[in-house]
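Report on the structure given below.
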Amino acid sequence: QVQLVESGGGLVQAGGSLRLSCAASRGTFSRYAMGWIRQAPGKEREFVAVITWSGVNTYYADSVKGRFTISRDNAKNTVYLQMNSLKPEDTAVYYCAADLLSSVVRNTRSAYWGQGTQVTVSS
């Protein structure tokens with residue numbers, strides 16, 4: 001089993017930056033891909049970014065390419081999402097997700113989820 005805890009959300013003006021963190025606790029010897037999914041009020045969950053365990057491969061939604069950067073520090077069991085040039089449409093609850101396959105994370109069907117952290121971008 002894996003437990004995920006997000007932090008770093010908050011209120012920021014358009015054009016500003018935030019850095020989200022997700023601390024993971026692994027209950028088994030597994031190399032999990034980890035990523036971020038967001039959900040705005042009244043909308044479906046949307047894939048944002050994912051990174052493989054090695055950190056060699058990363059994938060981003062078209063809407064955040066060039067603005068967001070995902071990274072991980074396996075020694076600290078933590079994944080990060082650096083968000084720059086934030087837009088009002090980025091407002092959502094951001095969830096950390098983990099699974100053995102990055103493709104599953106991209107399909108928003110991860111085996112493990114965090115509780116979410118609110119990101120609000122004002123215009």
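The values are calculated or read from the model by the stated rules, or taken from the named source; none is laboratory data. Just so it is clear, the model here is predicted, and its values are computed rather than measured. In this analysis, Cβ positions are derived from the backbone assuming ideal geometry, glycine residues included, and neighbour counts consider all displayed protein chains. These area figures cover heavy atoms from the full protein model, side chains too; ligands, DNA and RNA do not enter into them. Shrake-Rupley method; radii C 1.70, N 1.55, O 1.52, S 1.80 Å.
Accessible surface area normalised per residue over the range 1-77 is 57 Å², counting heavy atoms of protein chains with a 1.4 Å rolling probe. Summing +1 for each Lys or Arg and -1 for each Asp or Glu among the other residues whose beta-carbon sits under 13 angstrom from that of residue 86 gives +2. Helical content alone sets the calculated 222 nm signal of the chain at -1000 deg cm²/dmol, taking -39,500 (n - 2.57) per DSSP H segment of four or more residues and averaging over every residue. Calculated translational diffusion coefficient of the chain (20 °C, 1.002 mPa s; Stokes-Einstein with Kirkwood radius over alpha-carbon pairs) equals 152 µm²/s. Of 18, 71, 50, which is farthest towards the positive pole of the range 16-90's charge dipole, taken about the Cα centre with +1 and -1 on the beta-carbons of Lys, Arg and Asp, Glu respectively? The residue sitting most towards the positive pole is 71. Put simply, the amide H of residue 16, placed in the peptide plane, has neighbours under 5 Å in 86, leaving out anything fewer than 5 places away on its chain. Overall, the range 45-115 carries a charge dipole of about 60 debye about its Cα centre when +1 sits on the Cβ of Lys and Arg and -1 on the Cβ of Asp and Glu, all other atoms neutral. Each label point was placed 7 Å from the Cα along the Cα-to-Cβ direction; for residue 44 and residue 89 their separation is 1.7 nm.
Each Lys and Arg Cβ is given +1 and each Asp and Glu Cβ -1; about its Cα centre, the range 4-123 then shows a dipole of about 180 debye.
Per-residue 3J(HN,Hα) values for the range 42-48, derived from phi via the Karplus relation 6.51 cos²θ - 1.76 cosθ + 1.60 with θ = phi - 60°, read x, 10, 6, 5, 10, 5, 10 Hz in sequence order (x marks Gly and Pro). Distant-in-sequence amide contacts of residue 72, defined by a placed amide H-H separation under 5 Å and a gap of 5 or more residues or a different chain, comprise 80.
Placing unit charges on the Cβ atoms only, positive for Lys and Arg and negative for Asp and Glu, gives the range 3-66 a dipole magnitude near 120 debye about its Cα centre.
Taken along the Cα-to-beta-carbon direction at a fixed 7 Å, the label points for residue 7 and residue 74 span 2.4 nm.
Here the chain exposes an accessible surface that is 47 percent carbon and sulfur, computed with a 1.4 Å probe and the other protein chains kept in place.
Placing a label point 7 Å from the Cα of residue 65 along the Cα-to-Cβ direction, the residues of the range 72-102 whose backbone N falls under 20 Å of that point are 81-87, 89-90, 102. Across all Cα pairs in the range 12-77, the calculated P(r) in 5 Å bins from zero up to the longest distance comes to 3, 14, 22, 24, 19, 11, 6, 1, 0 percent per bin. Here the contact order of the chain, divided by its residue count and restricted to Cα pairs under 8 Å and six or more residues apart, works out to 36 percent.
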